[in-house]
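Worksheet: one structure, shown below.
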Amino acid sequence: MRIDSPTNTGPAVAIDGLYGMVDPTFGNPDEQLRLLVNEAVEPVQLRCKHWPRDAVRALALRWQGECRLVINDDAELAAELGLVVHLGHDDGAPLGAYGRSTHTMDQVRAARGANYIGFGPVFATATKLQGWPVAGVRALMAAAHTFSGPVVAIGGISVQNIDAVRQSGVAGWAVLAGIWRAPDPKTAIRDLKK
């Protein structure tokens with residue numbers, strides 16, 4: 001289900017299936033980006049949490065013409081590059097297009113100004129989201145029904161549980177370990193795409 005979220009303050013956010021994630025804790029970000037671009041996965045979030053801004057900027061500039069990028073947690077850099085930013089549930093709202101991570105229905109309702117939201121963790125995960133209980137597929141369905149824009153499922157998504165996520169009504173699903181820790185990331189990407 002392709003969902004476009006128009007915005008008056010930045011680029012449109014179109015989400016349709018697999019939402020790419022690049023994270024240096026899982027390997028070389030350029031290699032991850034090459035594989036995601038070759039498999040036509042968009043958008044792709046640059047989740048380089050502990051990198052200096054200049055390094056994230058350089059990575060984004062190398063790939064900006066290849067696919068739609070999302071910058072994680074750095075609204076200033078995203079605005080400078082004309083990109084979408086993805087923020088945490090309690091970060092302020094930027095001037096441009098943005099997504100927001102949410103973990104509860106109260107956070108979903110509070111995210112009204114976001115162009116899209118991530119919701120989860122839907123399943124158990126060791127990647128992030130510490131301190132938040134597993135929400136489950138029913139809560140994911142409620143988030144998709146409640147939020148007026150695209151919803152991206154986050155947390156513990158893999159080839160083994162993707163069918164339940166696909167049937168929940170969300171626009172997309174973000175996957176890190178399910179791809180980058182898989183024996184064959186290319187096959188995992190293909191299995192996780194629509």
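Taking the criterion of being of a type in the set (A, V, I, L, M), part of a loop (DSSP other than H, G, I, E, B) and open to solvent by less than 40 Å² (accessible area, probe 1.4 Å), the residues of segment 135-173 that qualify are Ala135, Ile154, Ile157, Val170, Ala171.
Pairs please, first residue from segment 34-63 and closer than 20 Å to Val175 by Cα and among the hydroxyl-bearing types (Ser, Thr, Tyr), second anywhere and open to solvent by less than 40 Å² (accessible area, probe 1.4 Å) and not in a loop (DSSP other than H, G, I, E, B), Cβ atoms under 8 Å, 6+ apart in sequence or on different chains. Short answer, once both residue conditions are applied: none.
The values are calculated or read from the model by the stated rules, or taken from the named source; none is laboratory data. All values derive from a computational prediction rather than experimental measurement. Note: ideal-geometry Cβ built from the backbone for every residue, glycine included; neighbour counts use all protein chains shown. Ligands, DNA and RNA are stripped out before the accessible areas are found, and what is left, the full protein with its side chains, is counted by its heavy atoms. Shrake-Rupley method; radii C 1.70, N 1.55, O 1.52, S 1.80 Å.
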